[in-house]
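Working notes for the structure below.
The values are calculated or read from the model by the stated rules, or taken from the named source; none is laboratory data. Values in this document were obtained by computation on a predicted structure and should not be read as measured data. Here the Cβ is made from the backbone with ideal geometry for all residues, glycine too, and neighbour counts use every protein chain on show.
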Amino acid sequence: MTEVMIDLETLSTSSMAAILTIGAIKFTRDKSIPTLDKCDSFYRRINLDSCKTIGLECSDQTIKWWNNQSSEAKYEALENPDRILIKKALIEFSEWFGNTKIIWSHGDDFDCVILGNAFSQCGLTVPWKFWNTRDTRTLYDIGNIKMSDLPQDNAHHALHDCHRQIIGIHKSLENLKNIYVNK
């Protein structure tokens, strides 16, 4: 079964946050993880004005937070001029998502919710059903994985964050198998 991991970089922590980048990777939870360059991935940088036009929000606190991140992360999320309109990105995401059913994110109340709200604000249909969302934080907790157990390179780059989160899923499932096999 193919699933999708998403990660967003945003300019707010609200459910109506303006989206800076969308990263996503297709994966199968019971197969090994290819290197990032071999993954079936989706990555778009979003034009901020197009987010504001549809009512997505920016927060001064999040802008201050971004100012304290690495120059590489800030450039990729905020300054790289290669950007497209949010509606175009969402249409392309839906096409890439295709018939996939399961969608994962790091937390049950952030990425999927924000992306779903952006679809609604653009008058587009969300390509997944709400009952098919999955949360890495819960799995990491029961699988005894800490974020520090995962690769730390390229933090706050949506595509790299997706890859790291998939690694976390695999490590969590391996830990859970070991717990039940050794009982």
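Under 6 Å between Cβ atoms, which residue pairs at least 6 apart in sequence (or on different chains) link something in the stretch 146-170 that is under 23 Å from Ser71 (Cβ atoms) with a partner that is part of a helix (DSSP H, G or I)?
Close Cβ pairs (under 6 Å, with a partner that is part of a helix (DSSP H, G or I)) amount to Leu150/Arg164; Leu150/Ile167; Leu150/Gly168; Pro151/Arg164; Asn154/His160; His156/Ala73; His157/Glu76; His163/Leu36.
Give the residues of the stretch 110-128 that are assigned to a helix (DSSP H, G or I) and touching a residue at least 60 places away in the same chain (Cβ under 8 Å), sorted by residue number.
Asp111, Cys112, Val113, Ile114, Leu115, Asn117, Ala118, Gln121
Right, Trp96: surrounded by fewer than 21 Cβ atoms within 10 Å (Cβ to Cβ), hydrophobic (A, V, I, L, M, F, W, C) and not in a helix (DSSP H, G or I) or not?
Values: surrounded by fewer than 21 Cβ atoms within 10 Å (Cβ to Cβ): yes; hydrophobic (A, V, I, L, M, F, W, C): yes; not in a helix (DSSP H, G or I): no.
Answer is no for this residue.
Can you confirm whether the stretch 134-147 contains a residue that is touching a strand residue (DSSP E or B) at 6+ places or on another chain (Cβ under 8 Å), at pLDDT 95 or above and not hydroxyl-bearing (Ser, Thr, Tyr)?
yes
For Asp7, indicate whether it is among the charged types (D, E, K, R), within 22 Å of Arg137 (Cβ to Cβ) and in contact with a Cys (Cβ under 7 Å, 6 or more places away or on another chain).
Yes, satisfied.
Of the residues in the stretch 1-19, how many are out of contact with any Gly (no Cβ under 7 Å at 6 or more places or on another chain) and assigned to a loop (DSSP other than H, G, I, E, B)?
Residues meeting the conditions: 8.
Filter the stretch 41-78 for residues that are assigned to a helix (DSSP H, G or I) and either loosely packed, with under 13 Cβ neighbours inside 10 Å or in contact with a Phe, Trp or Tyr (Cβ under 7 Å, 6 or more places away or on another chain) (or both) and give the result.
Once the filter is applied, which keeps residues that are assigned to a helix (DSSP H, G or I) and either loosely packed, with under 13 Cβ neighbours inside 10 Å or in contact with a Phe, Trp or Tyr (Cβ under 7 Å, 6 or more places away or on another chain) (or both), the stretch 41-78 yields Asp49, Asp60, Gln61, Ile63, Lys64, Asn67, Ser71, Glu72, Lys74, Tyr75, Ala77, Leu78.
Could you list, in sequence order, the residues of the stretch 32-83 that are β-branched (Val, Ile, Thr), under 15 Å from Glu9 (Cα atoms) and touching a helix residue (DSSP H, G or I) at 6+ places or on another chain (Cβ under 8 Å)?
Ile46
Starting from residues that are of a type in the set (Ser, Thr, Tyr) and either free of Cβ contacts under 8 Å to residues at least 60 places away in the same chain or surrounded by fewer than 19 Cβ atoms within 10 Å (Cβ to Cβ) (or both), keep the ones in the stretch 11-40 and report whichever is farthest from Ile91 (Cα to Cα).
Selected residue: Ser32.
Say we look at the stretch 79-93 and pick out the residues that are without any contact (Cβ under 8 Å) to a residue 12 or more places away in the chain and assigned to a helix (DSSP H, G or I); which of these is nearest to Ala158 (Cα to Cα)?
Filtering first and then ranking leaves Glu79.
I'd like the full set of residues that are touching an Asp or Glu at 6+ places or on another chain (Cβ under 9 Å) and either part of a strand (DSSP E or B) or farther than 28 Å from Leu85 by Cα (or both), limited to the stretch 143-166.
Across the stretch 143-166, the qualifying residue is only Gly143.
What pairs can you find where one residue is in the stretch 97-109 and farther than 15 Å from Ser172 by Cβ, the other is modelled with pLDDT under 95 and in a loop (DSSP other than H, G, I, E, B), and their Cβ atoms are less than 8 Å apart, with a gap of 6+ or different chains?
Close Cβ pairs (under 8 Å, with a partner that is modelled with pLDDT under 95 and in a loop (DSSP other than H, G, I, E, B)) amount to Thr100/Thr2; Lys101/Met1; Ile102/Met1.
Within the stretch 129-142, how many residues are crowded, with 20+ Cβ neighbours inside 10 Å and part of a loop (DSSP other than H, G, I, E, B)?
Count: 0.
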